[in-house]
Amino acid sequence: MKINVLGTEYTIAWEHNTPRMALSDGFCDETTKEIVVENYEGDDGKPGVKAQLDIQRKKNVRHELVHAFLFECGLAENSNWAQNEELVDWIAIQGPKIYKAWQDAGAV
Ligand SMILES: [Zn+2]
């Protein structure tokens, strides 16, 4: 899947149990313009696994896309706040709600 991030094309790739997914459920590689996300293939219903993995997959993609936007706008590497995982996750979690409120208000 290709996504336009501020004029730069990023590829979203889904992987499961690959070496580069060993440390996280996703990452954004601005050097290759690639977002790699865990797909949790075959994990549904396993003990210790979240019940609604589709919600988790979507949140992970939003999170990595936020990183991509921060990289492409030039803020990611020399800004502490733009590298803050808590802030990136907040945007990823709240973004759909903010967008819905803007839509409801006729502001987009
Ligand atoms: Zn992150």
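Just so it is clear, none of the values below were taken in a lab; they were calculated from the coordinates. Nothing here was measured: the structure is a model prediction, and the numbers come from that model. Reconstructed Cβ throughout: ideal geometry from the backbone, glycine too, with neighbour counts over all protein chains shown.
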**Complete:** Percent relative contact order for the range 2-104, counting Cα pairs under 8 Å at least six residues apart, stands at 22
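What is the sum of charges around residue 66, taking Lys and Arg as +1, Asp and Glu as -1, for the other residues whose C-beta is under 14 Å from the C-beta of residue 66? Walk me through the numbers on the way to the answer.
Values: positive: 58, 59, 62; negative: 30, 64, 72, 85, 86, 89.
Residues close to residue 66 contribute a combined charge of -3.
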**Message:** Run the helix sum for the chain: -39,500 (n - 2.57) per DSSP H stretch of 4+ residues, divided by residue count, reported at 222 nm to the nearest 500 deg cm²/dmol.
**Reply:** -12500 deg cm²/dmol
**Message:** Residues of the range 13-44 with the amide nitrogen closer than 17 Å to a label point 7 Å from the Cα of residue 77, along Cα-to-Cβ, please.
**Reply:** 28-34
**Message:** For the range 2-104, compute Rg over Rh where Rg is the Cα radius of gyration and Rh is the Kirkwood radius from the inverse mean 1/r over Cα pairs.
**Reply:** 0.98
**Fill in**
So, with points 7 Å from each Cα along the Cβ direction, the residue 54-residue 4 label distance in nm works out to 2.8
**Request:** Across the range 2-104, how many lysine pairs, 8 or more positions apart or on different chains, have C-alpha atoms separated by under 26 Å? Please give the number.
**Result:** 17
